[in-house]
Amino acid sequence: MSSAQAGSVERLPLRTKFFFGIGSVGDSIVLATVGSYAMLYYNQILGLNAVLAGLAVSASLFFDGFADPVIGSLSDRTRGRFGRRHAYLFLAPVPIALSVIAVFNPPPGASDLVLFLWFALSVSFMRISISLFNTPHLALGGELSTDYIERSKVLSWNNFFTWAGGAGMNFLALHFVFKATPEYPRGLLNPEPYGPFAVGCGLAAMVLLLASAWYTRDQIPRLPKAPENLPRFSPLEFLKDVGKALGNRNYMWLLIAFFFLSMMIGVRGGLNLYVNTFFWGLTSEQLKWFIFGSFVGYGTGFLFSARMHQRLDKRLNMIIWAVVFSIGPAIPMILGLTGVLSSETPGLTPMLIAFSSVGNAGASVLSITVMSALADIADENELAHGVRQEGVLYSTRNLAAKIDQALGAALAGLALWAISFPPKAKPGSVPDDVLFNLVFVDGILATIPGLIAAVCYARYKITRARFEATKAALAARKAAQGT
């Protein structure tokens, strides 16, 4: 079946969208488990220096980032009965489960050097295993439909389930796993649950990832295939693939924008639990209710992104929601720095949840919009080069993001060191000036790269009319070729 035929079905079955999305649940369970808890676990429980913990996370993102475009190029060129994507979707789940278990089960009594190496290597293996699934999975989402709006609907399922995996895992963890005890009133500081918690998350992720691969395999016959004359993967062909992707100006602006956005995400991700635990004084029981703020935010993206794309071009959506994502989460911290809010403010938790919902709505709509726009760029590159490059386009974007998230994680660790944040700290014992500096970094400095990203998104030039013209040119060329 030709790629023209592959794109002839514009409305996908609900079952396909659902099980495509399920793959993102498994992904996000693992990534959220490590992203939310590993830094705190190694620094505050095991006593690893904050700079070393940050460098371990940064190293994993750096090495994994370079694996992404290799996996993308390899996936774009793969032939066989599983098509371009599904062989990888079946291969990755078991290594993913084993690696997340390893992260939270370091050798007992290990020295700082051994802890650092174990943390860096186990997280690196986990992230590369995730990429082996995630890169072909995202590419699959970009090629399931050729319709401007249907693409956004498909990727809305992906985005919502990404939220559901991470938020659901966090809610269950805070409600059932890291419960307060007389010895540990802040349950996150209890070392005992971390090992079993990682085993449960790893096994759940493995089952969900395999289910996604299995129940979307019926789409393989109608998906675009690697052309027979396309050379097999090699280092030279890989460099050519990356060159074709980077030659697209619209793609380059999305990469630059995401580079800055990821810097903000990396810093905030590394400091979020510190701010909530030590500045706001929230307990595990309070933190678990933030799931409702994220539900409102990501529900907004799931329900309304495609409708927004019908009314406004994706470019304008990217600008608006990048600003919302950058500023929304910073507002309560600015209010905290100025004394308007404090840990003693009545109704603080609901207020923080409300601001969280605004930030999450920005993140959700922005992510769906960019992912859908990447599929539109794949059309432009197919017209220019005669080959679809969803794998390379999505993965090279991930490379830029992970290099910058690595920088963000390192900056988070350096910030904790620079402000002299104490290891194994107890809530209520951290000096006020240290807490002020912590919130200044997370609330003010981290916002700046997000706003720079909004400026870069303004340089994206694919309008709805330009998309339709590209689609018509592709159809005309395929008709002339008889494919």
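The values are calculated or read from the model by the stated rules, or taken from the named source; none is laboratory data. All values reported here derive from a predicted model rather than from experimental measurement. Cβ: placed from backbone, ideal geometry, glycine included. Neighbour counts: every protein chain shown. SASA here: full protein model, heavy atoms, side chains in, ligands and nucleic acids out. Shrake-Rupley method; radii C 1.70, N 1.55, O 1.52, S 1.80 Å.
Here are a few things to note about the model shown:
- Residues in region 18-48 that are open to solvent by 30 Å² or more (accessible area, probe 1.4 Å) and in contact with a Phe, Trp or Tyr (Cβ under 8 Å, 6 or more places away or on another chain): F18, F19.
- Whichever residue in region 144-156 is surrounded by fewer than 24 Cβ atoms within 10 Å (Cβ to Cβ) and in a helix (DSSP H, G or I) and, among such residues, is modelled with the lowest pLDDT: Y148
- Selection count, region 104-146, where residues are more than 22 Å from I45 (Cβ to Cβ) and over 24 Å from the mean Cα position of the chain (by Cα): 0
- Sole residue being more than 20 Å from the chain's Cα centre (by Cα), under 28 Å from T33 (Cα atoms) and surrounded by fewer than 17 Cβ atoms within 10 Å (Cβ to Cβ), chosen from E228, E192, E237: E192
- Test: residue in region 347-355 that is free of Cβ contacts under 8 Å to residues at least 12 places away in the same chain, part of a helix (DSSP H, G or I) and under 23 Å from the mean Cα position of the chain (by Cα): no
- Residue ranges of helices (runs of 4 or more DSSP H) in region 245-337 with at least 3 members of a type outside the set (A, V, I, L, M, F, W, C): 249-274, 284-287, 290-311, 314-327
- Unique residue being of a type in the set (A, V, I, L, M), farther than 30 Å from G83 by Cα and open to solvent by 20 Å² or more (accessible area, probe 1.4 Å) when the list is V430, V358: V358
- Looking only at residues of region 59-99 that are open to solvent by 10 Å² or more (accessible area, probe 1.4 Å) and small (G, A, S), we find that the one that is nearest to F133 (Cα to Cα) is A87.
- So L113, is it assigned to a helix (DSSP H, G or I), open to solvent by 10 Å² or more (accessible area, probe 1.4 Å), free of Cβ contacts under 8 Å to residues at least 60 places away in the same chain and of a type outside the set (D, E, K, R): yes
- Total residues in region 171-182 satisfying the condition of being open to solvent by 10 Å² or more (accessible area, probe 1.4 Å) and in contact with a Phe, Trp or Tyr (Cβ under 8 Å, 6 or more places away or on another chain): the figure is 1.
- Verdict on V370 being within 30 Å of K153 (Cα to Cα) and either in a helix (DSSP H, G or I) or modelled with pLDDT of 90 or more (or both): yes
- Taking region 124-143 as the range and being aromatic (F, W, Y) and either crowded, with 22+ Cβ neighbours inside 10 Å or at positive phi (or both) as the test, only F133 passes.
- Residues within region 444-483 that are of a type in the set (K, R) and either within 21 Å of N317 (Cα to Cα) or part of a loop (DSSP other than H, G, I, E, B) (or both), tallied: 4
- Selection count where residues are surrounded by fewer than 24 Cβ atoms within 10 Å (Cβ to Cβ), under 17 Å from V370 (Cβ atoms) and among the hydroxyl-bearing types (S, T, Y), scope region 269-311: 1
- The residue that is surrounded by the fewest Cβ atoms within 10 Å (Cβ to Cβ), among those in region 250-268 that are under 20 Å from L31 (Cα atoms) and hydrophobic (A, V, I, L, M, F, W, C), is F259.
- Residue match in region 411-424 (condition: under 19 Å from S342 (Cβ atoms), under 22 Å from the mean Cα position of the chain (by Cα) and open to solvent by less than 10 Å² (accessible area, probe 1.4 Å)): no
- Pairs, first more than 11 Å from E382 (Cα to Cα) and among the basic types (K, R) in region 463-483, second assigned to a loop (DSSP other than H, G, I, E, B) and modelled with pLDDT of 85 or more, C-beta under 8 Å, six or more apart: R464/D313
- Unique residue being touching a Pro at 6+ places or on another chain (Cβ under 9 Å), closer than 15 Å to C201 by Cβ, assigned to a helix (DSSP H, G or I) and in contact (Cβ under 8 Å) with a residue 12 or more places away in the chain when the list is S122, S99, S75, S36: S122
- Test result for F436, assigned to a loop (DSSP other than H, G, I, E, B), more than 25 Å from W321 (Cβ to Cβ) and touching a residue at least 24 places away in the same chain (Cβ under 8 Å): no
- Per the listing R186, R222, the residue uniquely touching a residue at least 24 places away in the same chain (Cβ under 8 Å), of a type outside the set (S, T, N, Q), surrounded by 13 or more Cβ atoms within 10 Å (Cβ to Cβ) and closer than 21 Å to R15 by Cβ is R222.
- For region 195-212, the candidate set comprises residues that are among the aliphatic types (A, V, I, L, M) and open to solvent by less than 10 Å² (accessible area, probe 1.4 Å); within that set, the residue that is nearest to S28 (Cα to Cα) is A205.
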